[in-house]
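Visitor: Got a structure for you, written out below as structure tokens; questions coming shortly.
The values are calculated or read from the model by the stated rules, or taken from the named source; none is laboratory data. Worth saying up front: this structure is predicted, and the values here are computed from it rather than measured. For neighbour counting, all protein chains shown are included, and Cβ atoms are generated from backbone atoms with ideal geometry for every residue, glycine included. These accessible areas exclude ligands, DNA and RNA; they are computed on the full protein's heavy atoms, side chains included. Shrake-Rupley method; radii C 1.70, N 1.55, O 1.52, S 1.80 Å.
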Amino acid sequence: QVQLVESGGGLVQPGGSLRLSCAASGRIFYINAMGWYRQAPGKQRELVTSITDRGTTNYADSVKGRFTISTDNAKNTVYLQMNSLNPEDTAVYYCNADVTTPLQAMGGSSTYWGQGTQVTVSS
């Protein structure tokens, strides 16, 4: 089917930056949208940001002005540049993609998730 592989997580000090990457591979006819979610301990998974195939972006209020989502369509890859990180950003970050496979080319899509990457902001 479709696989999403994330990279770039790690430990960073408050005020620091990290860049996450997520590469999609497999039976991809078209990627309709990609995004990033996060889940902190004891909390529900929440949307961080998303981007459509037309470049329309959406950000959670808590990350506006600090995080930037971008894509490399040729590589089926989405990036998340995170600046001015604070301890409240500590979470497992998951890549998400809405993908149309060849079998769905006449209509339809499916949602896929990456395995998650840990981001820890601490001094």
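Visitor: Give the stretch 80-100 a look and list any residue that's within 12 Å of ASN32 (Cβ to Cβ), open to solvent by 10 Å² or more (accessible area, probe 1.4 Å) and not acidic (Asp, Glu), or say none. Walk me through how you get there before you give the answer.
Guide: Within the stretch 80-100, the subset within 12 Å of ASN32 (Cβ to Cβ) is 96-100.
Now restrict to residues that are open to solvent by 10 Å² or more (accessible area, probe 1.4 Å): 96, 98, 100.
Within the stretch 80-100, ASN96, THR100 meet the criteria.
Visitor: Being open to solvent by 40 Å² or more (accessible area, probe 1.4 Å) and within 10 Å of the chain's Cα centre (by Cα) is the filter here; which residues of the stretch 101-120 pass it?
Guide: Within the stretch 101-120, TRP113 is the sole residue that qualifies.
Visitor: Out of the stretch 73-102, which residues are of a type in the set (A, V, I, L, M, F, W, C) and in a helix (DSSP H, G or I)?
Guide: Of the stretch 73-102, the ones of a type in the set (A, V, I, L, M, F, W, C) are 74, 78, 80, 82, 85, 91-92, 95, 97, 99.
Hit for the stretch 73-102 is ALA74, nothing else.
Visitor: I'd like to check something: does the stretch 34-45 contain any residue that is open to solvent by 40 Å² or more (accessible area, probe 1.4 Å), out of contact with any Leu (no Cβ under 8 Å at 6 or more places or on another chain) and either small (Gly, Ala, Ser) or within 16 Å of GLU6 (Cα to Cα) (or both)? Walk me through it before giving the result.
Guide: Kept after step one, since they are open to solvent by 40 Å² or more (accessible area, probe 1.4 Å), are these residues of the stretch 34-45: 37, 39, 41-45.
Okay, now just the ones that are also out of contact with any Leu (no Cβ under 8 Å at 6 or more places or on another chain), so 39, 41-45.
Narrowing the set further to residues that are either small (Gly, Ala, Ser) or within 16 Å of GLU6 (Cα to Cα) (or both) leaves 39, 42.
Within the stretch 34-45, one or more residues are open to solvent by 40 Å² or more (accessible area, probe 1.4 Å), out of contact with any Leu (no Cβ under 8 Å at 6 or more places or on another chain) and either small (Gly, Ala, Ser) or within 16 Å of GLU6 (Cα to Cα) (or both).
Visitor: Here's something else I'd like to know. Is at least one residue of the stretch 66-79 in contact (Cβ under 8 Å) with a residue 60 or more places away in the chain and open to solvent by less than 60 Å² (accessible area, probe 1.4 Å)?
Guide: Narrowing the stretch 66-79 to residues in contact (Cβ under 8 Å) with a residue 60 or more places away in the chain: 79.
Now narrow it down to the ones that are open to solvent by less than 60 Å² (accessible area, probe 1.4 Å): 79.
Yes; the residues of the stretch 66-79 include at least one that is in contact (Cβ under 8 Å) with a residue 60 or more places away in the chain and open to solvent by less than 60 Å² (accessible area, probe 1.4 Å).
Visitor: I've got another one for you. Would you be able to say whether some residue in the stretch 93-100 is closer than 28 Å to GLN1 by Cβ and over 17 Å from the mean Cα position of the chain (by Cα)? Spell out the reasoning first.
Guide: So in the stretch 93-100, the residues closer than 28 Å to GLN1 by Cβ come out as 93-100.
From what's left, over 17 Å from the mean Cα position of the chain (by Cα): 100.
Within the stretch 93-100, one or more residues are closer than 28 Å to GLN1 by Cβ and over 17 Å from the mean Cα position of the chain (by Cα).
Visitor: Further question: Under 7 Å between Cβ atoms, which residue pairs at least 6 apart in sequence (or on different chains) link something in the stretch 33-45 that is touching a residue at least 40 places away in the same chain (Cβ under 8 Å) with a partner that is outside any strand (DSSP E or B) and open to solvent by less than 90 Å² (accessible area, probe 1.4 Å)?
Guide: Taking only residues 6 or more apart or on different chains, the pairs are ALA33/ASP53; ALA40/THR90.
Visitor: Considering only the stretch 103-113, how many residues are under 14 Å from LEU47 (Cα atoms) and outside any strand (DSSP E or B)?
Guide: So the count comes out to 0.
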